[in-house]
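Notes follow once the structure below has been shown.
The values are calculated or read from the model by the stated rules, or taken from the named source; none is laboratory data. Nothing here was measured: the structure is a model prediction, and the numbers come from that model. Note that we place each Cβ from the backbone using ideal geometry, even for glycine, and neighbour counts take in every protein chain shown.
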Amino acid sequence: MNNSGWPPTQRVSLLLPPRFDAVARFSMSVRDILKMGDPRLLRVAQPVTQFDTDHLHLLITDLLDTMRAADGAGLAAPQIGVDLQLVIFGTDAPNPRYPDAPPVPRTVLINPVLTPLDDAMVEDWEGCLSVPGLRGKVPRFNHIRYTGHDQYGDCIDRTVEGFHARVVQHECDHLMGMLYPMRVRDFTQFGFTEVLFPHLA
């Protein structure tokens, strides 16, 4: 564990290629999303060791379909009960759950490694599909680099900031068994979405 709070063995992935979209359109499989309190969400995920396999592509398709069905900004494999270091995020368009946030490119991240590029942290509101109906203000590094691999084993190296950086950190927290309420510092800034943001409920 490094002092950023992320485990040393994580990785990442790039934009979903056209062949991935073709598979996603052909078949839709929406999985149940685990909710806070389920002990499976507290496990440290295992690294992916094989890339470009049928099993991996089917898992990514399930994650994408599930994220879309829930209007999620991202989804991690542990949230559907799969103990692997794999997350997806991004919509290429405004997300209805975060209408004021800039679009984030659709991305597959496998075995990500996250590195903060400075000490600047920003608090902002977050929600989570595993913590439905709630929002909280969470401190995150504003400027990070992430590296890793996509589903085909190709290397990725990105430097991002703002909402993009926040989404990556949120999703990668799931890979080490952490949910965003565990990072909330001020619980006066935590509550039900329908109360805090009635226009989003």
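Out of (1) modelled with pLDDT of 95 or more; (2) closer than 30 Å to PRO198 by Cα; (3) surrounded by fewer than 19 Cβ atoms within 10 Å (Cβ to Cβ); (4) touching a helix residue (DSSP H, G or I) at 6+ places or on another chain (Cβ under 7 Å), what's the single condition that is false for ILE80?
For ILE80, the exception is condition (3).
Just to be sure I understand, how many residues within the range 150-183 are more than 15 Å from the chain's Cα centre (by Cα) and either under 29 Å from THR53 (Cα atoms) or modelled with pLDDT under 95 (or both)?
Result for the range 150-183: 9.
So which pairs qualify, if the first residue must be in the range 43-54 and surrounded by 11 or more Cβ atoms within 10 Å (Cβ to Cβ), the second must be at pLDDT below 95, the Cβ gap must be under 6 Å, and the two must be at least 6 apart or on different chains?
If the second residue must be at pLDDT below 95, the pairs left are PRO47/THR9.
Of the residues that make up the range 132-142, is at least one under 26 Å from PHE197 (Cβ atoms) and β-branched (Val, Ile, Thr)?
Yes, the range 132-142 contains at least one residue that is under 26 Å from PHE197 (Cβ atoms) and β-branched (Val, Ile, Thr).
Go through (1) among the hydrophobic types (A, V, I, L, M, F, W, C); (2) surrounded by fewer than 19 Cβ atoms within 10 Å (Cβ to Cβ); (3) touching a Lys or Arg at 6+ places or on another chain (Cβ under 8 Å); (4) in contact (Cβ under 8 Å) with a residue 24 or more places away in the chain one by one and return the number of the condition MET121 breaks.
Tallying (1) among the hydrophobic types (A, V, I, L, M, F, W, C); (2) surrounded by fewer than 19 Cβ atoms within 10 Å (Cβ to Cβ); (3) touching a Lys or Arg at 6+ places or on another chain (Cβ under 8 Å); (4) in contact (Cβ under 8 Å) with a residue 24 or more places away in the chain, MET121 fails exactly one: (4).
Anything in the range 84-106 that is surrounded by 14 or more Cβ atoms within 10 Å (Cβ to Cβ), of a type outside the set (A, V, I, L, M, F, W, C) and in contact (Cβ under 8 Å) with a residue 40 or more places away in the chain? List them, or say none.
Matches in the range 84-106: GLN85, GLY90, ARG97, TYR98, PRO105, ARG106.
Looking at the range 28-60, which of its residues are modelled with pLDDT under 95 and either of a type in the set (S, T, N, Q) or closer than 11 Å to PRO78 by Cα (or both)?
Across the range 28-60, the qualifying residue is only SER29.
Does the range 135-185 hold any residues that are touching a Gly at 6+ places or on another chain (Cβ under 9 Å), charged (D, E, K, R) and under 22 Å from ALA101 (Cβ atoms), and which are they?
Passing the criteria: ARG135, GLU171, ASP173, ARG183.
Restricting to the range 174-186, and then to whatever is touching a strand residue (DSSP E or B) at 6+ places or on another chain (Cβ under 8 Å) and part of a helix (DSSP H, G or I), can you tell me which residue is nearest to PRO39 (Cα to Cα)?
HIS174
Among residues belonging to the range 46-89 that are under 25 Å from GLY133 (Cβ atoms) and in a loop (DSSP other than H, G, I, E, B), point out the one that is nearest to the chain's Cα centre (by Cα).
Looking at the filtered set, the residue picked out is ALA73.
Consider ARG145 against the criteria (1) crowded, with 22+ Cβ neighbours inside 10 Å; (2) in contact with a Pro (Cβ under 9 Å, 6 or more places away or on another chain); (3) basic (Lys, Arg): it satisfies all of them except one. Which criterion is unmet?
Every listed condition holds for ARG145 apart from (1).
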